[in-house]
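*Asks:* Please see the structure below; I have some questions.
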Amino acid sequence: MSLLRVSKLKKYFAVKRSAGEILLRVPQRYVKAVDGISFEINEGETFGLVGESGSGKTTTGRLVLRLIEPTEGTIEFDGIDITRLSNRDMRLLRNKMQVIFQDPMAALNPYMKIGDAVKHGLEIHNIGKNEQERKKIVLEMLEKVNLQPEIYSRYPHELSGGQRQRVVIARALILKPRFVVADEALAMLDVSVRSQLLKLLLDLKREMNLTFLFITHDLATTKYMCNRIGVMYLGKFVEIGTYKHIYESPMHPYTKALISAIPEPDPNIMNSKKRFIPHGEVPNPINPPKGCRFHPRCPFSMDICTSLEPQLINMQDGRTIACHLYNSH
C-alpha cells in the first residue's frame with residue numbers, strides 16, 4: 001500500500017530580475033528545479049533519490065514534506081492530499097513526517113542543550129504528562145541511537161560530527177513518525193562513522209517500521225538502504241528500479257554514467273571497468289534542452305531525442321525508463 005503518492009509535481013523558482021529587465025519588460029524566467037515528476041513510496045519501503053547536484057533531489061524532499069510549496073501537482077500522504085491542507089492542519093500532521101538534514105551543526109541550535117533540542121518536538125506536540133516524563137522519553141531515544149545519558153546536558157559544539165548526526169536522528173524519530181526524509185544524512189561523515197550510522201538507520205527502520213525517502217549522491221549506500229531507486233536528471237526521472245536494476249544492469253545512458261563513476265576498492269577491477277563519461281556540462285535548468293534533457297551529453301542521441309521528450313514507460317523487468325532507445329521499440 002502506498003504511503004506517499006506524488007503526481008505531476010513541479011517546483012519553479014523565479015529568477016530575480018534586474019531593474020533594467022523589469023523596465024524593459026523582460027519576461028520572468030524560472031529555474032525548473034522539479035518538472036512534472038510522479039512516483040509512489042510504499043509503507044515500510046525505502047525509496048532512494050540519486051543524481052548529480054542540481055538534479056532536483058533536495059527540492060523533491062522538501063516538497064513532499066511541504067517545507068516549500070509546489071508550483072503544480074499533488075502530494076498524497078496516507079490518502080490525504082497535503083497540498084490542500086491549511087498550515088494548521090499541516091502542523092497536526094508534522095509528527096508523522098520528519099526530516100534528517102545533511103549538516104547536523106546547521107540543524108541544531110548552538111545555544112540549546114542536546115536534551116532540550118531533542119525534547120522540543122515533544123513539547124510542540126504536547127507529548128508526555130510532565131517535564132520528568134519527557135526527559136525519560138528523550139533519554140530512551142538517545143539510548144536507541146547509541147548515545148550516553150550525559151549527552152543530554154551538553155551543547156552541539158561539544159560533540160563529534162557522528163554524535164551530532166545521531167542527535168539529529170533522535171530528534172527526527174522521537175515523535176515516532178511513519179515517514180522520514182533523509183537528505184544526504186551521511187554525506188558529511190567519515191567512511192567508518194557512515195557505515196555505523198547506516199546500520200543504525202537500518203535497525204531503527206525495522207524496529208520502528210519506518211518509511212524512508214533516502215536522498216543521496218552516493219550510489220554505493222543505496223545498495224544497503226534502498227528497496228527502489230529513482231535516478232533524477234535536471235528535475236525529471238530518467239529511470240526507476242530496484243538496486244539490482246540500477247546497479248547491475250542500468251539501461252538509461254545517464255544511469256550508466258553514474259554507475260561507471262562509482263570507485264572500486266580493487267584497482268584491477270577499477271582499471272578494467274568500462275567507463276562512460278558524458279561529454280559537456282549539465283545544461284542550465286532555467287532553459288533546459290528541448291526533447292530529452294540528456295541528449296546534448298548523450299552518445300546515443302537520435303533525431304527524435306532533440307525534439308520529443310521521452311515519457312516514463314514500464315519495462316518487462318519491472319523498472320520504468322524515459323529513453324527513446326527503448327520507447328521506440
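The values are calculated or read from the model by the stated rules, or taken from the named source; none is laboratory data. Note that the coordinates shown come from a computational prediction; the quantities given were computed from them, not determined experimentally. Note that we place each Cβ from the backbone using ideal geometry, even for glycine, and neighbour counts take in every protein chain shown.
*Asks:* Would you point out the residue of segment 3-24, among those that are over 17 Å from ASP81 (Cβ atoms) and assigned to a strand (DSSP E or B), that is modelled with the lowest pLDDT?
*Replies:* ALA14
*Asks:* List the pairs whose first member sits in segment 151-165 and is aromatic (Phe, Trp, Tyr), whose second member is surrounded by 14 or more Cβ atoms within 10 Å (Cβ to Cβ) and part of a helix (DSSP H, G or I), and whose Cβ atoms are under 8 Å apart, counting only residues at least 6 apart or on separate chains?
*Replies:* Taking only residues 6 or more apart or on different chains, the pairs are TYR152/ILE114; TYR152/GLY115; TYR152/LYS135; TYR152/VAL138; TYR152/LEU139; TYR152/LEU142; TYR155/ILE114.
*Asks:* Right, here's the next one. List the pairs whose first member sits in segment 310-329 and is surrounded by fewer than 11 Cβ atoms within 10 Å (Cβ to Cβ), whose second member is in a strand (DSSP E or B), and whose Cβ atoms are under 6 Å apart, counting only residues at least 6 apart or on separate chains?
*Replies:* So the pair list comes out as ASN314/THR320.
*Asks:* Right, here's the next one. Among the numbered conditions (1) closer than 30 Å to ALA14 by Cβ; (2) within 24 Å of the chain's Cα centre (by Cα); (3) modelled with pLDDT under 90; (4) not acidic (Asp, Glu), tell me where GLY280 comes up short.
*Replies:* Result: GLY280 passes all but (2).
*Asks:* Taking ILE100 as the residue in question, decide whether it is over 17 Å from MET208 (Cβ atoms), among the hydrophobic types (A, V, I, L, M, F, W, C) and either surrounded by 14 or more Cβ atoms within 10 Å (Cβ to Cβ) or over 27 Å from the mean Cα position of the chain (by Cα) (or both).
*Replies:* Answer is no for this residue.
*Asks:* Go through segment 25-66 and give me each residue that's farther than 19 Å from ASN287 by Cα, over 12 Å from the mean Cα position of the chain (by Cα) and not in a strand (DSSP E or B).
*Replies:* GLU43, GLY44, GLU45, ARG66
*Asks:* Sticking with this structure for a sec: How about segment 82-94: which of its residues are more than 20 Å from the chain's Cα centre (by Cα) and either small (Gly, Ala, Ser) or not in a loop (DSSP other than H, G, I, E, B) (or both)?
*Replies:* ARG84, SER86, ASN87, ARG88, ASP89, MET90, ARG91, LEU92
*Asks:* Scan segment 213-235 and give yes if some residue there is under 16 Å from the mean Cα position of the chain (by Cα), at pLDDT 90 or above, at positive phi and buried (at least 21 other Cβ atoms within 10 Å of the Cβ), otherwise no.
*Replies:* yes
*Asks:* Which of the residues spanning segment 33-72 are touching a Pro at 6+ places or on another chain (Cβ under 7 Å) and at pLDDT below 95?
*Replies:* Correct list: ALA33, GLY54.
*Asks:* Would you mind finding the one in GLU158, GLU131 that is of a type outside the set (Ser, Thr, Tyr), modelled with pLDDT under 90 and more than 27 Å from GLU76 (Cβ to Cβ)?
*Replies:* Result of the check over GLU158, GLU131: GLU131.
*Asks:* Where in segment 145-252 are the helices (runs of 4 or more DSSP H), entirely inside, with at least 3 residues that are closer than 29 Å to ARG297 by Cβ and of a type in the set (A, V, I, L, M)?
*Replies:* Counting at least 3 such residues, we get 219-225.
*Asks:* Just one of the numbered conditions (1) under 19 Å from GLU140 (Cα atoms); (2) touching a residue at least 24 places away in the same chain (Cβ under 8 Å); (3) not charged (D, E, K, R) is not true of ASN126; which one?
*Replies:* It fails just one condition, (2).
*Asks:* Suppose we filter segment 13-48 for residues that are in contact with a Phe, Trp or Tyr (Cβ under 6 Å, 6 or more places away or on another chain) and either over 23 Å from GLY73 (Cβ atoms) or basic (Lys, Arg) (or both); how many remain?
*Replies:* 1
*Asks:* Being among the acidic types (Asp, Glu) and in contact (Cβ under 8 Å) with a residue 60 or more places away in the chain is the filter here; which residues of segment 185-206 pass it?
*Replies:* Within segment 185-206, no residue meets the criteria.
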